[in-house]
Every structure is written in structure tokens, then in C-alpha cells.
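Have a look at the structure below before the remarks.
Since every read-out is calculated from the coordinates, none of them should be taken as a lab result. It should be emphasised that the depicted structure is a prediction, and the values quoted were computed from it without experimental measurement. Please note: Cβ atoms are built from the backbone with ideal geometry, for glycine as well, and neighbour counts cover all protein chains shown.
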Amino acid sequence: MKSEMNLFSKFENQIKKIVEAIEFNMNLELDLSKISVEPPRDSCHGDLATNAAMVLAKQVGINPRELAASIGGELEHLEDIKSTQIAGPGFINIKLEPAFWARHLGVILSSGSQYGGGLVGQGKKVNIEYVSANPTGPMHVGHCRGAVIGDTLSNLLAFAGFDVTREYYVNDAGAQVDVLASSLFLRYREALGEDIGQIPEGLYPGDYLLEPAKRLAEQHQDQLLSMDDTKRMALLRSFAIDQMMDLIREDLGSLNIHHDVFFSERELHDKVGGRSEIESMLSEMRERGFVYDGHLPPPKGEVPEDWENREQTLFKSTQVGDDIDRPLVKSDGSFTYFAADIAYFKNKFDRGFERMVYVLGADHGGYVKRLKAVAQAVSGGAAELDVLMVQLVKLLRDNKPVQMSKRSGNFVTLRDVVDEVGCDAVRFMMLFRKAEALLDFDFQKVTEQTRDNPVFYVQYAHARACSVFRQVTSEMPDLSIGEEELAKANLLLLNDEGELDLIRKLAEFPRIIEQAANADEPHRLAFYLNDLASEFHTHWNRGKEKPKLRFINHKYAQLTLARLAMLHAMALVLASGLSIIGASAPQEMR
């Protein structure tokens, strides 16, 4: 059944077999990798289009249109193909038999919620790290888009057949944690009744520390005031991180985001058996020739006053594609962030992941090349590494930037946005642009019940389909419309062009899933669902003008049953797509 889901892959394989069987009067090893089968831009041109002749013409030394005629002639011998036509410089447009669409609709119905799933992953272990915000406060809207993209990509890859682990890297070993601990201590003193005055420059001013400070005061009373500085800071760090991570989990939960693993950076620094993971990594990579002691040239341009030409422990990243070698140990003997990054990647690789995906903000663009170098050095090319760069979100209300949140101190929180417009709207709209493109999020538009609001438009299509089933139960109570009856419907009765267009669009779903999964581009799914909804609403409106096209035909029960089967298939695909995005598929909307 899986081989029947993606009809584009099915016909692509058939075309490749036809090409391999053609005798070209020369001993050739053909490169068939660039042959593709796609839906044509205009359905008037056919159901499928292939570039096979144009791709192969130069290899075999035959005019593309002449080669297209040979391939097209062979294609017309296949059972499902009604006709072929050569277009432009050598495209082959393919028209399928009407019966093919009836059979494929049957494939959708029998596959149910699994239609389009499990076609490419083959259980490959993938680690997707996303969000990974510093645990110093609530999630802000800048984290929101990366969180949605990472989570939707995780859902998408899992649906496509990958073994996915959703991971959050907790940056709990840096200087920002000391700032957080000091900020919490100040609020703790305030909770004990002290007048702390204005928050000093450099500490976190947000009100989100008030409740953790009260809990700290309730647990320890005034004991921290007389505690040894080292002991007090250790307690404050641990307490503050736990409190902030609880807050972050709660914020992410409002978006229906739940990670499988929260990996602590401290684990890389903590010594086990007298040695930390970073130290073990350095030792192993030194043995393999990727860590050495040497000197780096001064920075290009103006040399900083504090620059010194000293021997350093370096990572030989230029050997694996980076621009310069990277320092691993600071002058004070502590490890650089990059050293921890290498150890973290190695930890993932040692856990058996074959592919690692990092979802990063656009300001991390300079980090991609060095991460690629790390993957090559650590895994020897055995592990894939992909980096998704996520651009900023601009919040608008009445075409004006949204004001800052008082609770956070200096930014708009993720929770502010979710509480106002809901999880569904946030998740869908964060995907309605490519990740690398800037996104305007207009509070007014995402709550409008109009065609211009994609999330409403898609959810309304699902609700409309469900309303037909409620209506037919009321108007044709003797008609059995269970899944068993729908599966037996005479789908050949669906011969109106609008009905066939809708089935054609449904048939694109497995292809979209494969392409989006292979390219790490979950936005393709949001675009597709909007197109599918548009196809459905257009056909619905045709029924207003032509009653014979309406889904319920009181005089012809079998036609009604066939149309309900098509509606059920559409609802299945919409629900699957919305589920991957993390949005609901409502049965009614008011």
C-alpha cells in the first residue's frame, strides 16, 4: 500500500524503467537522478509532467522533443495512462485515466490517518535541537518561531518514518547563570522585606523573578544572608535554573511543545572518574589529529589592544572545511563555548544519532560552517548535520509595532502572544513563511475569520466537511455513512472536473511530506494545506451556483455516498496536516 501512496514516485520509477529499456545504439551508463515527475502548473496540461527527455537528451545525443516522443509512446502502453503530449522544449505532459483517480481515492480512504506517512525515514535516528534558550527568564517571541519550526519539523520527520528525538540544550554553565543567580538574590532580599531600590545595571529586571524569590524565602527564610558566598551562589544557581526551566517548560507547553530530552551543558563540564566529557573529547580528538597546540594569527583589520600572541589549544577545523582553526581553551584555563559544542555533538553521535538538526536564530549564521566542520571531524562523515536559520518575527497591531511586556522587563513574551490569539494561530502563522524569510505577525489578521487568514481558512475547510456529515445524517437518515460504507462507495461516479481537481490535490500530500522532510522545510506543509482548502472552498462555491454539484443529492444516494467518501478523504488529509503542524482540526466553527 505504501508504494501506491506517492503516485509521483510511482510514475517516476516507471519512466526510469522505460528509459533503461530504450536502446540508444551506444553503451551508456545513464544518470537518471535528475528525472522528476511533478504536477503541471496548469491542470489543463494534464495530470503529471516529467522532464525525463530534457534531462537525458544531452547524455544520449538525441533532440529532446524526439526523445520525448519515444518515451511518451512507451508511456501510453501503461494501463493508467490515457495520453501524453510533448510541450515546450521537451516536457512530457501525462493524462491519467479517470479510473486511476477513483482507485487512488480508495488508497487514501484505506490508509486513513497514515496516508502519506512512513515513506522515507526508514527508522533513521534523528536528533532535532530547537529553542535551547538561555534559562534566564520566560520565553520571548524571538524564541517562538524557532520553537514552532523545530517542533513541526520533528512531527513531520516522525510522520515520514524517522526515529526522532526532540532535544533542548540547557545553557547552564555560562556567565549568564551567575547574573541570574545574583538577580534572584536581590529579589530574595526584597521578598524578606528589604528595600532594594532600582535594579542595578547588568542584572535582570523582569518581574518573573518575584515568585521564585518568594519561594526561595519561604524555603530558606533569611539563612542565605549569612551563608558563605561560594555555597550561596551554588544554591542560587541551581534553584534559579530549576525555576526558570519550569517556567520555560510551561511557556512551551502553551504551544503544545514538549521535548524528549533536556540536556544540561553542565554535564559536559562535570568530572566523572576524574575527567569531564570535554576533556575526554579533547584527548580523543588530539589523538586523531584534530586538536593541537599552536598560534593563531591576529584578527583581520584593527588588532585589539588586549590581543596576545600566545600558544593555545586549537581545533584544526580548517582541515574539515572551516575558515580558521578555533580556540578550545581560554587564557584562564577554562573551556571555550566551542569546546563544549564539540563535546555535545560527540555526545549525540555516541548516542547513535545518524542525523543532527540544529534550529538556530539568524544571528548564528557565522556558526554554520564550524558546526559542519565539527560533524565531519567527529563522525568522519558518518553523521549528517543540517542547520535551519530562523529569521525574526515582527509583531504588529494596526500596522504598528507591539509594545513591550512589563512582566519580562524588555521584551514581548511567547505567552503574551499565545494567550491573545491561541496556540493554533501562532503555530500555523509561524510556518507561513520560509524559515529564512522575515515574518510579520499581525494580531488583527490572525484572528479574522476571512480567507486572508490561512489558519481560519484551513480549519474552516475541515469544519465544513464535518458539517456535511451532520447534515446528511439529518436529511438522509436511511443512508449509512460509516467508514465501511464509504470504503465501498462507487468512486467512479466522481467525474466532475472540480471533484477530480480536489482528488488530484489530495494525491499531492505524500509528495509534499517527502519533499518537506527531505528539505527540512515544514512551511511547505502549511502552504499545501492552504492550497487544499482553497481547492475545496472553490468547489463548494460551485455547488451554490449548480445544485447538481452539491455533496448531498437526495435523489441519488450512491453519488452522495461517493462524494462523502471524497469529503472524508479530504478531512483525513487536513487533520493529518494540521496535526503535524500542531494545530487542531475543529469539527465546527462559530
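Taking H as built 1.01 Å from N, whose amide H comes closer than 5 Å to the amide H of Val387, not counting residues under 5 places away?
Tyr358
With +1 on each Lys and Arg Cβ and -1 on each Asp and Glu Cβ, and nothing else charged, work out how big the dipole of the chain is about its Cα centre, in Debye to the nearest 20. Can you show the working numbers first?
Numbers: 66 positive and 86 negative charges, 285 e Å.
In debye, rounded to 20, the chain gives about 1360.
Can you flag which of Lys124/Lys505; Lys16/Lys346; Lys17/Lys372; Lys505/Lys555 are past 31 Å Cα-Cα? Let's see the in-between values first.
Numbers: Lys124/Lys505 29 Å; Lys16/Lys346 40 Å; Lys17/Lys372 37 Å; Lys505/Lys555 28 Å.
Over 31 Å apart, Cα to Cα: Lys16/Lys346; Lys17/Lys372.
Loop-only check: which GluC sites (Glu not before Pro) in region 229-313 are DSSP coil with at most 10 other Cβ within 10 angstrom?
Here the GluC sites (Glu not before Pro) that fit, given the DSSP loop and packing criteria, are Glu302, Glu305, Glu308, Glu311.
Just want the answer: with Cβ charges of +1 for Lys and Arg and -1 for Asp and Glu, which residue in Tyr292, Ser331, Gln312 is farthest toward the dipole's positive end in region 284-344?
Farthest towards the positive end: Tyr292.
What are the ³J(HN,Hα) couplings of region 529-545, residue after residue, when phi is run through the Karplus curve with 6.51, -1.76, 1.60 and θ = phi - 60°? Round to Hz, x for glycine and proline.
Residue by residue, region 529-545 yields 4, 5, 5, 5, 4, 5, 4, 5, 4, 4, 5, 4, 5, 5, x, 5, 7 Hz.
Two-decimal Rg/Rh of region 450-581 from alpha-carbon positions, Kirkwood Rh?
Rg/Rh for region 450-581 comes to 0.98.
Give me the distance between the Cα centres of region 83-100 and region 1-80, rounded to whole Å.
Each part's Cα centre sits 11 Å from the other's.
With runs of 4+ DSSP H residues as the only contributors, calculate the mean residue ellipticity of the chain at 222 nm using -39,500 (n - 2.57) per run, divided by the residue total and rounded to the nearest 500.
For the chain, the value works out to -15000 deg cm²/dmol.
Take the alpha-carbon centre of region 304-340, take the same for region 527-590, and report the distance between them in whole Å.
Cα centroid to Cα centroid, the span is 59 Å.
Based on Cβ point charges of +1 for Lys and Arg and -1 for Asp and Glu, what charge dipole magnitude is obtained for region 2-96 about its Cα centre, in debye rounded to the nearest 20?
Dipole about the Cα centre, nearest 20: 220 debye.
Restricting to the chain, compute how many DSSP beta bridges are antiparallel as a %, nearest 5.
50 percent
Would you list, by chain and number, the lysines whose Cα falls below 26 Å from the Cα of Lys445, excluding same-chain residues fewer than 8 positions away?
Cα-Cα hits under 26 Å: Lys394, Lys400, Lys406, Lys434.
Would you mind giving the three semi-axes, in whole Å and largest first, of the ellipsoid equivalent to region 175-253 according to its Cα gyration tensor?
Values: eigenvalues 70, 42, 35 Å².
They are 19, 14, 13 Å, listed largest first.
List the longest stretch of the chain that has no exposed loop site; here a site is one of the chymotrypsin sites (Phe, Trp or Tyr not before Pro) assigned by DSSP to anything other than H, G, I, E or B, with at most 13 other Cβ within 10 Å.
Longest stretch, sites excluded: 1-306.
Taking the beta-carbon count within 10 Å as an exposure proxy, list His523, His269, His143 from fewest neighbours to most.
Final ranking by Cβ density, sparse to dense: His269, His523, His143.
Using the charge dipole of the chain (Lys, Arg: +1 at Cβ; Asp, Glu: -1 at Cβ; taken about the Cα centre), state which of Phe100, Leu506, Cys423 has its Cα farthest towards the positive end.
Looking along the dipole axis, the top candidate is Phe100.
Neighbour counts of other C-beta atoms within 10 Å: give me Thr84, Thr473 arranged from fewest to most.
Thr473, Thr84
For region 1-102, which trypsin sites (Lys or Arg not before Pro) are both in a DSSP coil and crowded by at most 13 other Cβ atoms within 10 Å?
Lys34, Arg41
Please list, ordered by chain and number, the residues whose modelled amide H lies under 5 Å from the amide H of Leu395; skip anything fewer than 5 residues away on the same chain.
For Leu395, whose amide H was placed from the backbone, the distant partners under 5 Å are Val402, Phe441.
Let me know the Kirkwood hydrodynamic radius for region 1-89, please, with Cα pairs as the basis and the value in Å to one decimal.
Details: mean 1/r = 0.0732 Å⁻¹.
Radius from the Kirkwood sum: 13.7 Å.
Can you give me the three principal axis dimensions of the chain from its C-alpha atoms, in Å, biggest first?
That works out to 87, 68, 44 Å along the principal axes.
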